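K.L.:
I'd like to ask you about the structure that follows.
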Amino acid sequence: MEFDEGLEKAIGDLARTDGSRPLKELAPGDWTSVHILTGPASGARIERELGRPVTVEGDGTHSGDYVQDGNLLVFDRDGATTRMVSLGTLAALGEGKYRADVVLRAQGGAITMTDPDGRPAGG
């Protein structure tokens, strides 16, 4: 787990602009889906959400639990975790599982997750 200050800043800035950006632009990498949770979250809850065992350690964790109040992003490729990112205390994203083409759309300080065509993304 790592705290990604750049991603946290980019999402916070987006929320203030009423703009939209693909998450893949803000968090590039070799991933095909992302699970978004809001902390604090126990390691057991994270495993239930992901549907598989996971080690929760690093920034924002304690004794196998995610202890931050903000979003936790778990990036996956083919059912395996490629990266776990803490946004610290920023909880701007809706919980759920999203495809790599998800777009973050900000309006009035709130961010919604949509498919590229603007329809609400399954979360």
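K.L.:
Which one of GLY122, GLY29, LEU73 is farthest out on the positive end of the charge dipole of the range 23-123, using unit charges on Cβ (Lys, Arg +1; Asp, Glu -1) and the Cα centre as origin?
P.N.:
Towards the positive end, the residue furthest out is GLY122.
K.L.:
Please state the shape class of the range 80-123: rounded when a/c is under 1.5, otherwise prolate if a/b exceeds b/c and oblate if not, all from the C-alpha gyration tensor.
P.N.:
Values: a/c = 2.43, a/b = 1.16, b/c = 2.09.
Verdict is oblate for the range 80-123.
K.L.:
Also, I was wondering about something else. Angle between the Cα long axis of helix 5-15 and the longest principal axis of the chain, 0 to 90 degrees, nearest 10?
P.N.:
Roughly 40 degrees, rounded to the nearest 10.
K.L.:
If you count only protein heavy atoms with a 1.4 Å probe, what accessible area per residue comes out for the range 1-70, rounded to a whole Å²? Mind dumping the intermediate values first?
P.N.:
Numbers: 3680 Å² over 70 residues.
Ligands and nucleic acids excluded, the figure is 53 Å² per residue.
K.L.:
May I pose another question? In a Gaussian network model over the chain where Cα atoms closer than 10 Å are linked, find which of VAL85, VAL67, VAL54 has the largest mean-square fluctuation.
P.N.:
Evaluated over the chain, the most mobile residue of the options is VAL54.
K.L.:
When the accessible area of the range 1-101 is computed with all protein chains present and a 1.4 Å probe, what percentage of it is carbon and sulfur? Don't jump to the answer; show the numbers that get you there.
P.N.:
Working: 2270 of 4950 Å².
Reported share for carbon and sulfur atoms: 46 percent.
K.L.:
Mean separation of Cα pairs under 8 Å and 6+ residues apart, divided by the residue count of the range 1-102: what relative contact order is that in percent?
P.N.:
On the way: 194 pairs, mean separation 39.0, N = 102.
Contact order relative to length: 38 percent.
K.L.:
Using the Cα centre of the chain as the reference point, and only Cβ charges (+1 on K/R, -1 on D/E), how large is the resulting charge dipole? Debye, rounded to the nearest 20. Present the calculation step by step, with values, prior to reporting the outcome.
P.N.:
On the way: 13 positive and 20 negative charges, 67 e Å.
Approximately 320 debye in magnitude.
K.L.:
When a/c reaches 1.5 or more, the comparison of a/b and b/c decides; with that in mind, is the range 40-115 rounded, prolate or oblate per its Cα gyration tensor? Display every interim value, and only then the final one.
P.N.:
On the way: a/c = 2.33, a/b = 1.35, b/c = 1.72.
Since a/c reaches 1.5 but b/c is at least a/b, the shape of the range 40-115 is classed as oblate.
K.L.:
Report the Cα centroid-to-centroid distance between the range 1-42 and the range 92-111 in angstrom, as an integer.
P.N.:
Their Cα centres are 9 Å away from one another.
The values are calculated or read from the model by the stated rules, or taken from the named source; none is laboratory data. These figures come from a predicted structure and were not determined experimentally. All Cβ positions, even for glycine, are placed from backbone atoms using ideal geometry, and neighbour counts span all protein chains on display. Heads up: the accessible areas ignore ligands, DNA and RNA and are worked out on the full protein's heavy atoms, side chains in. Shrake-Rupley method; radii C 1.70, N 1.55, O 1.52, S 1.80 Å.
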